[in-house]
Amino acid sequence: MEYRAVHAGAPAYLDAASATPLHPVARQALLAALEDGWADPDRLYSAGRRAQQLREAAQATVAELLGVRPDELSFVSSGTAAVHAAVLGGLAGRVRVGRTLVHSAIEHSAVLHAAAQGEAVPVGVDLLGRLDLDAWNTAVAAPGVALASLISASHEVGTVQPVAAAAEACAEAGVPLYVDAAQSVGRSPVPPGWSLLTASAHKWGGPPGVGVLVVRKGVRWLSPYPGDDRHRPRPTGALDLPAVVSAAASLRAVLGEAQTEAVRLSALVEKIRATVAATVPDVEVVGDPVERLPHLVTFSCLYVDGEALLHALDRHGFAVSSGSSCTASTLQPSHVLEAMGVLSHGNVRVSLHRGTTEADVDRFLAVLPGLVADIRKEAGM
Amino acid sequence: MIEVDSRGRRCPLPIIDLARKMPSVEVGEVVRVLADDPAAANDIPAWCRMKGQEYLGSPAPDTYDVRRLR
């Protein structure tokens, strides 16, 4: 075991894009709200009113931080629930115009699953994972387009999307734009111009089970779910109010340190990009090297089984994720990597958070080339 | 035409089969890969781009042609 000296160290969790560890402020707020916010906020006794106050305060806080009005914002039971409500409610609200959803080919699978309920027109990306704006402009201007959907930045490769330009084209065509901002909120600003936006608290360091849906004033949204209020998004079932309170408190804390963290993590990502390219033969570091999320980097190693590499890294204390087909239940490679036309096997996504240290990254970079070489050797390469 | 039969083999094995065949392919010659793994359609062209070989397309289902350029 030649890497014994370097892999001695605490385990490093490097999959913040799946779920970011709870921010200390989120933990404090959660514990406090568990004492105080357990009642049904729609009831008229004092415990209910207290819960209602907490919900409204959380709503006002997140709305202020996102630069929207409190009555434009709803909390729902997860990021996925928010995505589904945005897509299905956005489509339902414009059914008189048409049924078509124009979306980038690199949307999150939650968008694609919801899109499958209507008529979906995908728009491609280039080799760096950036939206083809010409194709987008043509697609949104076609007749019968009810809604357009663009991820703020790729959750798999980190490439930031041209949201402002895409929004301009949508405005010109009179089509509302939905932006899935799950990887951006709490880390980097989302340009204005959108009509609907969603985020997910456990991507920014809040608790799981809190999704945020914003529907701007004047945007037609119609509930796709059973219920009495058809024009205003509401959670299906009871909201986890302590988690919502925690989500709001942690977003304020996270945004307070976002700029500093973005600079720090971006430098670590740069180090990973450069070192992996230099020390691992036959590797492709994918995504835009400049216009990217600060905390996320993806690369693919030729002739390497992605699942084997994930397990090898796990044994050395590193938690990462992969878009390789062998790690998916369907045996299909990641639709994002496919849309870009980059290698899909031997794929590793590393995503960092406020707890990630330079020592973690250095240890990862020291261990990786040997693990890749071992797997290749075993495969006879 | 030289043929590599990787049917029934899972990703990344078809790409490994192709790469191991290359030394026996003359420059300018075409090698045909038969692969039914869903990732092959994406990864064979990507391999060609990374390795400076020419991807000629898929003339039939599960069939991919590659020309050796170097």
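Readers should treat all values here as calculations from the given coordinates under stated rules, not as data from a laboratory. Predicted, not measured: the structure shown is a model, and the values here were computed from it. Reconstructed Cβ throughout: ideal geometry from the backbone, glycine too, with neighbour counts over all protein chains shown.
What is the extension gain from A:GLN28 to A:GLU257, computed as 0.36 nm multiplied by their sequence separation minus the C-alpha to C-alpha distance, in nm to one decimal? Working shown, then result.
Numbers: separation 229, 0.36 × 229 = 82.44 nm, distance 1.73 nm.
Computed gain between A:GLN28 and A:GLU257 is 80.7 nm.
In nanometres, what is the gap between the two model label sites at B:THR63 and A:ALA171, each 7 Å from Cα along Cα-to-Cβ?
5.2
Stretch A:GLN53-A:ALA274 to full length: gain in nm at 0.36 nm per residue minus the Cα-Cα span?
On the way: separation 221, 0.36 × 221 = 79.56 nm, distance 4.95 nm.
Separation in residues times 0.36 nm, less the Cα-Cα distance, equals 74.6 nm.
Note the angle between two axes, namely the Cα long axis of helix B:40-51 and the longest principal axis of the Cα atoms of chain B, as a number of degrees from 0 to 90, rounded to the nearest 10.
30
Rounded, prolate or oblate: which fits the range A:191-241 when a ≥ b ≥ c are the square roots of the eigenvalues of the alpha-carbon gyration tensor, with rounded for a/c under 1.5 and prolate only if a/b beats b/c? Present the calculation step by step, with values, prior to reporting the outcome.
Values: a/c = 3.29, a/b = 1.13, b/c = 2.91.
Because a/c hits 1.5 or more and a/b fails to exceed b/c, the range A:191-241 counts as oblate.
Along the Cα-to-C-beta direction of A:VAL121, a point sits 7 Å from the Cα; which residues of the range A:163-206 have their amide N less than 20 Å from that point?
Output list for this probe position: A:163-180, A:194-196.
Could you work out how much longer the chain between A:MET381 and A:ALA319 gets when fully extended? Use 0.36 nm per residue separation minus the Cα distance between them, nm to one decimal. Provide the component values of the computation, followed by the final result.
Details: separation 62, 0.36 × 62 = 22.32 nm, distance 2.56 nm.
Taking 0.36 nm per residue and subtracting the Cα distance, the gain is 19.8 nm.
Determine the shape class of chain A: with a ≥ b ≥ c the square roots of the Cα gyration tensor eigenvalues, call it rounded for a/c under 1.5, and otherwise prolate if a/b is greater than b/c, oblate otherwise. Provide the component values of the computation, followed by the final result.
Values: a/c = 2.17, a/b = 1.34, b/c = 1.62.
Oblate.
Checking understanding here: applying a Kyte-Doolittle mean of at least 1.0 and a length along the axis of at least 20 Å (C-alpha), which whole DSSP H helices in chain A pass?
Values: long enough: A:46-66 (30 Å, -0.31); A:79-93 (21 Å, 1.30); A:241-256 (23 Å, 1.56); A:258-279 (30 Å, 0.42); A:358-378 (31 Å, 0.20).
Helices meeting the span and hydropathy rule in chain A are A:79-93, A:241-256.
Of A:ALA238, A:TRP204, A:THR159, whose Cα points farthest to the positive end of the dipole of the range A:24-253 (charges on the beta-carbon: +1 Lys, Arg; -1 Asp, Glu; origin at the Cα centre)?
A:ALA238
Among B:MET50, B:VAL4, B:VAL31, whose Cα sits farthest toward the positive end of the charge dipole of the range B:2-68 (+1 at Cβ of Lys/Arg, -1 at Cβ of Asp/Glu, about the Cα centre)?
Projecting each Cα onto the dipole axis, the largest value belongs to B:MET50.
State to the nearest 20 debye the size of the charge dipole of chain A about its Cα centre, where the only charges are +1 on K and R beta carbons and -1 on D and E beta carbons. Before the final figure, lay out the partial values.
Details: 30 positive and 38 negative charges, 188 e Å.
About 900 debye.
Counting only DSSP beta bridges with both residues in the range A:93-172, what percent are antiparallel, rounded to the nearest 5?
Expressed as a percentage, antiparallel bridges in the range A:93-172 total about 20.
Given Cβ point charges of +1 (Lys, Arg) and -1 (Asp, Glu) and nothing else, what value in debye, to the nearest 20, does the dipole of chain B about its Cα centre take?
Values: 11 positive and 11 negative charges, 54 e Å.
For chain B, the charge dipole is close to 260 debye.
Specify the residue with the greatest mean-square fluctuation among A:LEU241, A:LEU44, A:LEU88, computed from a Gaussian network of chain A linking alpha-carbon atoms under 10 Å apart.
A:LEU44
List residues of the range B:1-44, by number, whose backbone nitrogen lies under 11 Å from a label position 7 Å along Cα→C-beta of B:TYR55.
B:40-44
Given axes a ≥ b ≥ c from the Cα gyration tensor, I'd like to know whether the range B:2-68 is rounded (a/c under 1.5), prolate (a/b larger than b/c) or oblate.
Values: a/c = 1.45, a/b = 1.40, b/c = 1.03.
Taking the square roots of the gyration eigenvalues as a ≥ b ≥ c, the range B:2-68 is rounded.
How much net charge surrounds A:PRO289 when only the other residues with a Cβ under 10 Å from the Cβ of A:PRO289 are counted, with Lys and Arg +1 and Asp and Glu -1?
Details: positive: A:ARG273, A:ARG292; negative: A:GLU270, A:ASP288, A:GLU291.
That works out to -1.
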